[in-house]
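J.: One structure, pasted below without further comment.
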Amino acid sequence: MTITLDRPDLLHALTEIVGAANVLTGAAMQPYAEDVYRKLAAPLAVVRPGSVEQLQAVVRATAATQTPLSIRGGGASYTDGYLPREEGHVLLDLGGLDSIVTIDPKAGYVTVEAGVTWAHLRDELARHGLRTPFWGPFSGLKATVGGSMSQNSVSHGSGAYGISAESALSFDIVTADGSLLSTGAAAATGNLPFTRHFGPDLTGLFTGDCGTLGIKARITLPLLRSRAAHRPISFAFPDFATMHEAMRRVSQERIEDSHFALDAALSQGQIARQDRAGAALGIALSIIKSSPSLVAGLRQVARAAVSARKAISGSAYMVHYIVEGFDDAEARARLHRIRELLAATVARSPRPWRRWCAACRSRPSSTRSAPPASAGCRCTASCRTPTSRPSMPRSTPSTPRVRRR
Ligand SMILES: Cc1cc2nc3c(=O)[nH]c(=O)nc-3n(C[C@H](O)[C@H](O)[C@H](O)COP(=O)(O)OP(=O)(O)OC[C@H]3O[C@@H](n4cnc5c(N)ncnc54)[C@H](O)[C@@H]3O)c2cc1C
């Protein structure tokens, strides 16, 4: 049976379901009705369900009036994903679905409501010494697990474990008539959502759909034990092609947890923002804290400040890696392998300025500076020897971090 409601009736019905405070109209909708870049058609109302049952009831009420729905998670996208072109829709803000439903270390999964942010999930799991394989985009302070599963996001954890969708075990989906569909093992009555591949891959159907096939109400992801040690390292490249080739080689060995690359404009922007935020001081303190002694720490801060700034300010492209290990020795071994792979890439590059003379090669990487193409190697004041012998790309020293379990 179809129930027909007119617009005032619909707003009244929505208010009955979620409460007046969670139905926004007029100017109050403004912050929700635009994404990072744009604002398109104005919604009829923004509705914020506080539970999966309320979400289902809202879907039923809008279906009854054939009112289109758009779905917003953290609102951190810039693809018009939840911005319809025609007015009159109801915009669902899923930020109110922010509970972590189950953490089951034994069966190895965590179930969250769709509006949980990646930062919230990471902090909660860290208290148990756990993590998810993919652990969020760079917008993870605001971006939600539901939004990222709907957009096939990449970033944290992608070096080792792939995109967001590859960390999805199961979804509870609210379908167009308001009913609930579970995917993965949970599709069978009484089963826990501990595995994705249980018959045809219904979970995969809903990944990357931008919400067009249904609304993700709950998401289940696998759990991993966090590794105790991690180390970051950064490399500078003069051109995109060499950087891309280096990243390709490293990614094929699956030895890093996360990586990201920036061009010069973005890198400079990051430095400026960090300077403004006083982050440099925070980084320095963290290096000192994790060093065996104050003197060693200060020495490392000085090295990092000089060589990292020099490398970043003089380079067109940067790639940053984070590697993990059971202990620092494993993390260091992974860094060593990344250096080897990058050196092999640079050795094959035809560009002369990335080649170093024998004297330079024997020096620690942080004391090298890039010679201009015309002059050959100028790694030290006395060295003017043009050379075609390849060696390492420039890298910033890495700072050890040991996570508390
Ligand atoms: C500073 C910044 C950094 C970023 N970094 C990255 C990055 O590293 N990697 C990356 O891939 N992207 C990145 N992004 C883009 C964006 O933040 C991500 O795609 C993020 O996953 C969006 O999540 P969200 O919760 O904000 O989704 P929203 O922007 O709210 O929605 C995104 C899409 O998913 C749909 N949707 C949302 N929730 C649900 C749900 N529960 N069920 C069904 N559909 C839903 C929406 O309708 C929309 O189509 C970045 C953006 C910014 C501004």
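J.: Out of all the residues in segment 245-267, which are among the charged types (D, E, K, R) and at pLDDT below 90? Walk me through it before giving the result.
T.: As a first pass, look at segment 245-267 and keep what is among the charged types (D, E, K, R): 245, 248-249, 253-254, 256-257, 263.
Scanning segment 245-267 gives a single hit, 263.
J.: Any residue at all in segment 42-54 that is more than 21 Å from residue 214 (Cα to Cα) and away from the ligand (no atom under 14 Å from the Cβ)? Quick ask: steps written out before the conclusion?
T.: Taking segment 42-54 first, the residues more than 21 Å from residue 214 (Cα to Cα) are 42.
Those left that are additionally away from the ligand (no atom under 14 Å from the Cβ): 42.
There is at least one residue in segment 42-54 that is more than 21 Å from residue 214 (Cα to Cα) and away from the ligand (no atom under 14 Å from the Cβ).
J.: Sticking with this one: For segment 85-124, how many residues meet the condition of being surrounded by fewer than 23 Cβ atoms within 10 Å (Cβ to Cβ) and assigned to a loop (DSSP other than H, G, I, E, B)?
T.: The total comes to 11.
J.: Which count do you get for residues in segment 18-37 that are assigned to a helix (DSSP H, G or I) and either under 34 Å from the mean Cα position of the chain (by Cα) or at pLDDT below 90 (or both)? Reasoning before the result, please.
T.: Narrowing segment 18-37 to residues assigned to a helix (DSSP H, G or I): 18, 20-22, 26-32.
Retained after the next criterion (residues that are either under 34 Å from the mean Cα position of the chain (by Cα) or at pLDDT below 90 (or both)): 18, 21-22, 26-32.
Number satisfying all stated conditions: 10.
J.: Are there any pairs with C-beta distances below 7 angstrom linking a residue in segment 153-169 that is among the β-branched types (Val, Ile, Thr) to a residue that is part of a loop (DSSP other than H, G, I, E, B) and more than 8 Å from the ligand (Cβ to nearest atom), with the two at least 6 apart or on different chains, and if so which?
T.: As it stands, the answer is 163/134, since those pairs meet every condition given.
J.: I'd like the full set of residues that are on the phi > 0 side of the Ramachandran plot and either more than 6 Å from the ligand (Cβ to nearest atom) or not hydroxyl-bearing (Ser, Thr, Tyr) (or both), limited to segment 136-183. It would help to see each step written out before you state the result.
T.: Filtering segment 136-183 for residues on the phi > 0 side of the Ramachandran plot gives 136, 152, 155, 157, 162, 178.
136, 152, 157, 162, 178 - these are the residues of segment 136-183 that are on the phi > 0 side of the Ramachandran plot and either more than 6 Å from the ligand (Cβ to nearest atom) or not hydroxyl-bearing (Ser, Thr, Tyr) (or both).
J.: While we're on this one: Regarding residue 182, is this residue crowded, with 24+ Cβ neighbours inside 10 Å, closer than 22 Å to residue 197 by Cβ, without any contact (Cβ under 8 Å) to a residue 60 or more places away in the chain and among the polar types (S, T, N, Q)?
T.: On the way: crowded, with 24+ Cβ neighbours inside 10 Å: no; closer than 22 Å to residue 197 by Cβ: yes; without any contact (Cβ under 8 Å) to a residue 60 or more places away in the chain: yes; among the polar types (S, T, N, Q): yes.
No: the conditions fail for residue 182.
J.: Further, regarding this structure: Which condition number in (1) within 16 Å of the ligand (Cβ to nearest atom); (2) modelled with pLDDT under 95 is the one that residue 187 fails?
T.: (1)
J.: Could you grab me the full set of residues in segment 194-227 that are surrounded by 15 or more Cβ atoms within 10 Å (Cβ to Cβ) and more than 16 Å from the ligand (Cβ to nearest atom)?
T.: Within segment 194-227, 194, 195, 196, 198, 222, 223, 224, 226, 227 qualify.
J.: Looking only at residues in segment 68-84 that are buried (at least 18 other Cβ atoms within 10 Å of the Cβ) and among the polar types (S, T, N, Q), which one is nearest to the ligand (Cβ to nearest atom)?
T.: Top of the filtered list is 77.
J.: While we're here: Of all residues in segment 4-23, which are touching a residue at least 40 places away in the same chain (Cβ under 8 Å), over 17 Å from residue 74 (Cα atoms) and in contact with a strand residue (DSSP E or B) (Cβ under 9 Å, 6 or more places away or on another chain)?
T.: 10, 14, 17, 18
The values are calculated or read from the model by the stated rules, or taken from the named source; none is laboratory data. Just so it is clear, the model here is predicted, and its values are computed rather than measured. Because the Cβ atoms are built from the backbone with ideal geometry, glycine has one as well, and the counts that use them run over all protein chains shown.
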